[in-house]
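Visitor: I have a structure I would like to understand better, so I am pasting it below and will then ask my questions one at a time.
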Amino acid sequence: MSDIPGENDQPDPLDSFDEIVDAETTRDPDLAVIEAGSRTLRTQGGPSQADVPARPEDPEVDKALREVEVELATRWGETKLEPSVARIAALMDVLGEPQRAYPSIHITGTNGKTSTARMIEALLGAFELRTGRYTSPHVQSVTERISLDGAPVSAERFIETYQDIKPYVEMVDSQQEYRLSFFEVLTGMAYAAFADAPVDVAVVEVGMGGSWDATNVIDAGVAVVTPIDLDHTDRLGTTPAEIATEKAGIVKRDATVIMAQQPVDAAQVLLKKSVEVDATVAREGLEFGVVARQVAVGGQLVTLRGLGGEYPEVYLPLHGEHQAHNAAVALAAVEAFFGVGAQHAQPLDNDTVRKAFAAVASPGRLEVVRRSPTVVLDAAHNPAGARAAAAAIGEAFQFSRLIGVVGASGDKNVRGLLEAFEPVFAEVVVTQNSSHRAMDADELAGIAVEVFGEDRVQVEPRLPDALEAAITLAEEEGEFAGGGVLVTGSVITVGEARLLLGRG
């Protein structure tokens, strides 16, 4: 179709995309689609962006990375868990405890973890500290998960790190009841890479929960808890208080806890745990917070109150009130790391803070990837995230007609997600991504019809067809009428759409 860049006068890349995915039947579908998208669409988006790397251009490096991905894909995926840190602790032991070679900032919560981690990383880097960042899941490439100095590690370094720890991984595998999982191996790789760099500070996002998460073998001096809501209820609990009990596991003795605004019962759990381990707590809305904010071109202008004072007129190139709150949390976390509010009351240098926030990017979080009509990507995958995205898109974009493209995972609260978007979507195109976790498009359509009504729902099982249908619907408003498309429902859906629209 002419609406997707790079199609004219050449074979349809979307056909090639499907052929490659179908051919990779022995591989993890997430990894297969990443490779397929990069191979068929790399030339359409111009130079790759540093935070979302494409496949390596060197065929030998690409082959070596593929081999690592295949080996990782044979392990338990991130949705299959045996709650324990025994295996990762054993790996850290044989590696010589690399996670203790640097101080850490540990981040848990339900929504906003990755954006907050990126902001913390940017602030620390602006103050000339060498950073390591570990986040999950990835948008397009597994190498995104491990970053040094604000950029994903190169494919070569990723491969080298895996090969370095592989003998130790196999040693631990042979001694444990279950092999190390995909996430556990990646966590070990991250901690080893950070020690090898070496970094001055690691910014670590939990995979799920906190107490038994694989990342929780660090003793972070700063523990960050972003807003807690209902997600992964089958594993973490069915109330905010139960979920907070798991997430409070990252709070270590004598740490500083930076706590975003929380439901009352979740806050009570976090405060009780903090008292038990003599941790100091800073609460959003009391010790720090957002003083003011206004919409600006490409983002927003905020005034933040930190632990050491006020930071006026900070430009944040991200949309939505939730990102302003993430910025306040990130700033407080970095202040706490530097001892502001404890050892001294002097605020951080305002110009350095402004420079850091102005450079923040968070791919797949209300990210504009094309114009005429405007297509926005947002990785919201639970009702709380969807509510934040719906509010933000209404504030930041003046769409006269917004079309949704939704592909969700079957283990999520899909009805709640769709209900959050119902007020802002004129119509919704339901689809599915390539993941084995994806909800069947017809099943998703059944729920969507109940929420939106039959006349507002279109079903397109193939994501390329869903994008084409949504763009066509948005264009019915006319060139200057302000129609738009929001692709959402899953990080995988957003990552695949990003590739299809030439941003990979």
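The values are calculated or read from the model by the stated rules, or taken from the named source; none is laboratory data. Keep in mind that this is a model prediction, so the values were computed, not measured. Reconstructed Cβ throughout: ideal geometry from the backbone, glycine too, with neighbour counts over all protein chains shown. Calculation scope for accessible area: heavy atoms of the full protein, side chains included, ligands and nucleic acids excluded. Shrake-Rupley method; radii C 1.70, N 1.55, O 1.52, S 1.80 Å.
Visitor: Is it the case that some residue within the stretch 277-296 is exposed (fewer than 14 other Cβ atoms within 10 Å of the Cβ) and among the polar types (S, T, N, Q)?
Guide: The answer is yes; a qualifying residue exists.
Visitor: Quick test for you: out of Tyr162, Tyr168, Tyr102, pick the one residue that is of a type in the set (Phe, Trp, Tyr) and assigned to a loop (DSSP other than H, G, I, E, B).
Guide: Checking each option against the conditions leaves just Tyr102.
Visitor: Here are some conditions: (1) assigned to a helix (DSSP H, G or I); (2) farther than 17 Å from Leu95 by Cβ; (3) without any contact (Cβ under 8 Å) to a residue 40 or more places away in the chain. Arg253 meets all but one. Which one does it not meet?
Guide: The single condition Arg253 does not satisfy is (1).
Listed here are the residues, each with its yes/no results for (1) open to solvent by 10 Å² or more (accessible area, probe 1.4 Å); (2) under 18 Å from Ala336 (Cα atoms).
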| site | (1), (2) |
| --- | --- |
| Arg118 | yes, yes |
| Leu123 | no, yes |
| Glu128 | yes, yes |
| Thr131 | no, yes |
| Pro137 | yes, no |
| Gln140 | no, no |
| Asp149 | yes, no |
| Ser154 | yes, no |
| Arg157 | yes, no |
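Visitor: Among the numbered criteria (1) modelled with pLDDT of 95 or more; (2) in contact with a helix residue (DSSP H, G or I) (Cβ under 6 Å, 6 or more places away or on another chain); (3) open to solvent by 60 Å² or more (accessible area, probe 1.4 Å), which one does Val172 miss?
Guide: If we test Val172 against (1) modelled with pLDDT of 95 or more; (2) in contact with a helix residue (DSSP H, G or I) (Cβ under 6 Å, 6 or more places away or on another chain); (3) open to solvent by 60 Å² or more (accessible area, probe 1.4 Å), just (3) comes out false.
Visitor: Given the options Ala388, Ala445, name the one that is among the small types (Gly, Ala, Ser), open to solvent by 20 Å² or more (accessible area, probe 1.4 Å) and either on the phi < 0 side of the Ramachandran plot or within 23 Å of the chain's Cα centre (by Cα) (or both).
Guide: After ruling out the rest, the residue left standing is Ala388.
Visitor: Let me ask something else about it. Of all residues in the stretch 267-306, which are within 14 Å of Val224 (Cα to Cα) and aliphatic (A, V, I, L, M)?
Guide: Residues satisfying the conditions are Ala267, Leu270, Leu271, Ala279, Val281, Ala282.
Visitor: Another question, if that's okay. Among (1) modelled with pLDDT of 95 or more; (2) at negative phi, where does Asp254 come up short?
Guide: (2)
Visitor: Residues being part of a strand (DSSP E or B) and surrounded by fewer than 24 Cβ atoms within 10 Å (Cβ to Cβ): count how many of those fall in the stretch 301-328.
Guide: Final tally of qualifying residues: 10.
Visitor: Continuing with the same structure: Would you please list the contacts, defined by Cβ atoms under 7 Å and residues six or more apart or on different chains, that run from a residue in the stretch 312-341 that is within 23 Å of Leu377 (Cα to Cα) to a residue that is charged (D, E, K, R) and buried (at least 24 other Cβ atoms within 10 Å of the Cβ)?
Guide: Every condition considered, the pairs that remain are Leu318/Arg365.
Visitor: Here is a follow-up. Of these, Val428, Val487, Val491, Val451, which one is open to solvent by less than 40 Å² (accessible area, probe 1.4 Å), at pLDDT below 95 and within 25 Å of Asn111 (Cα to Cα)?
Guide: From the options Val428, Val487, Val491, Val451, the qualifying one is Val491.
Visitor: Give the residue that is farthest from Ile250 (Cα to Cα), with candidates limited to residues of the stretch 192-232 that are in a strand (DSSP E or B) and of a type in the set (A, V, I, L, M).
Guide: Val201
Visitor: Now, a different point. Name, by its number, the condition in (1) farther than 27 Å from Asp58 by Cβ; (2) touching a residue at least 24 places away in the same chain (Cβ under 8 Å); (3) open to solvent by 20 Å² or more (accessible area, probe 1.4 Å); (4) out of contact with any Lys or Arg (no Cβ under 7 Å at 6 or more places or on another chain) that does not hold for Arg179.
Guide: Of the numbered conditions (1) farther than 27 Å from Asp58 by Cβ; (2) touching a residue at least 24 places away in the same chain (Cβ under 8 Å); (3) open to solvent by 20 Å² or more (accessible area, probe 1.4 Å); (4) out of contact with any Lys or Arg (no Cβ under 7 Å at 6 or more places or on another chain), the odd one out for Arg179 is (4).
Visitor: Looking at Glu177, Glu144 in this structure, which one is modelled with pLDDT under 95 and closer than 30 Å to Asp349 by Cβ?
Guide: Being modelled with pLDDT under 95 and closer than 30 Å to Asp349 by Cβ holds for just one of Glu177, Glu144, which is Glu144.
Visitor: Among all residue pairs at least 6 apart or on different chains, which show Cβ distances below 7 Å where the first residue, located in the stretch 63-77, is open to solvent by 40 Å² or more (accessible area, probe 1.4 Å) and the second is not basic (Lys, Arg)?
Guide: The qualifying pairs are Arg66/Glu35; Trp76/Ser181; Trp76/Phe182.
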